[in-house]
1. Using +1 at the C-beta of Lys and Arg and -1 at the C-beta of Asp and Glu, which of 338, 280, 231 has the Cα lying farthest in the positive direction of the dipole of the chain?
2. Residue 160: net charge of surrounding residues, Cβ under 13 Å, Lys/Arg +1, Asp/Glu -1, itself excluded?
3. Summing -39500 (n - 2.57) over the DSSP H runs of n ≥ 4 in the chain and dividing by its residue number, what mean residue ellipticity at 222 nm do you reach, to the nearest 500 deg cm²/dmol?
4. Count charges around residue 327 for me, please; just the other residues with Cβ under 13 Å from its Cβ, Lys/Arg as +1, Asp/Glu as -1.
5. For region 128-145, what does the Karplus curve 6.51 cos²θ - 1.76 cosθ + 1.60, with θ = phi - 60°, yield as ³J(HN,Hα) per residue in whole Hz, taken in order and with x for Gly and Pro?
6. Roughly how many nanometres apart are two label points built 7 Å out from the Cα toward the Cβ at residue 262 and residue 45?
7. Provide the three semi-axes, in whole Å and in decreasing order, of the ellipsoid equivalent to region 272-361 as defined by the square roots of 5 times the Cα gyration tensor eigenvalues.
8. Show me the ranking of peptides 90-98, 328-336 by mean Cβ neighbours inside 10 Å, starting with the highest.
Amino acid sequence: MTERTERPLAGTPGHTGTPHESGAGSRPGAGSATTRPAPRTPGEIRVWPRSFAGRLTAPLPCVRDFVRMAREGGMRPAGEEARRDIPRIPVEPAPLPEAGPETVTVTWAGHASWVLRIGGLTVLTDPVWSRRILGTPARITPVGVRWEDLPRIDAVVISHNHYDHLDAPTLRRLPRDTHLFVPAGLGAWCRRRRFIRVTELDWWEAVELPSDEGGVRFDFVPAHHWSKRTLTDTCRSLWGGWVLTDARGRRVYFAGDTGYGHWFREIGRRIPGIDLALMPIGAYDPGWILRPVHTDPEEAVLAVRDLGAHVMAPMHWGTFLLSAEAPLEPLTRVRAAWEAAGRSREDLWDLPIGGSRVLGA
């Protein structure tokens, strides 16, 4: 890793107006690489637009698309492929590594769920510890970290409200004073479940959470995706990824769920120096309907280039059968794409489920 200059997290308090006022939250294009916005006030109650459909970067599927999908089938891998591949998906649960002020540790629990230990905090990303989610066959591999083995959770970041990323049964297992950092429009959903520390952010906004080891800044950044949880709430809440920065300047980007597009280069420009990118590589076949919202392995490698990130850790594969590619295909293809891009093999952290790595000082 390149040596970093330690930089404090403290900033001036963010303004407490609504996202319609001037400032970082008023439009998708606010902020810059040299003048990042001051952090917002945690837990503030905000007023949001009724719809975020204007943030879409591709049209949503229409009735004709669903008719074609039903006619062609192919939203699950063929039986023989799945039976062959599933037993070969690497699953290697192990104790969480030691974490201290000099290190950042990441552990893949499966799908988009990570245990991040950074800046003296333990953070979960899109935690799904359930065996089954609505509308999807049961998970094909176990969770990589037993819930009982988790340390105290300081914060949870949510990328969007789809059921395989926002899992109510898992969140119910958390203390209600856990900090939840969520996209704009999701706060009410969390508060109805009696969480008392809920912070909603628009794209390019940030919040800070202190700790004895310096704490973490959480920047909410754009993604090429959408949101929907019920028949009547399409795009009523936002979607995005998160950049976590500790007091020493180490940065981890959690992409959440996203297709490939221009936002990756913009994220890298505005928040340079990303050390590790947690990138989705699965759920891409058939591409005619999934490509706008899910990166395939080759696109994930391109996104890491655009971000300027040093290391990539793949995710969003090997847990749920969400699409038609063979279960092991994403891993095979991302390894080949990484090599073809001329990237160092040691900078591809293709972890088994339950595996961990340490980002040194």
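Any read-out appearing in this document is the output of simple, stated calculations on the displayed coordinates, not a laboratory observation. All of these numbers come straight from a predicted model, not from anything done at the bench. Please note: Cβ atoms are built from the backbone with ideal geometry, for glycine as well, and neighbour counts cover all protein chains shown.
1. After comparing all options, I get 231.
2. -2
3. On the way: 8 runs with 62 residues, N = 361.
Calculated mean residue ellipticity at 222 nm is -4500 deg cm²/dmol.
4. 0
5. After applying 6.51 cos²θ - 1.76 cosθ + 1.60, I find 10, 9, 6, 6, 9, 10, 4, x, 9, x, 4, 4, 9, 9, x, 4, x, 9 Hz.
6. 3.8 nm
7. Numbers: eigenvalues 95, 44, 27 Å².
Three semi-axes, in Å: 22, 15, 12.
8. On the way: 90-98: 13.1, 328-336: 19.1.
Descending mean neighbour count gives 328-336, 90-98.
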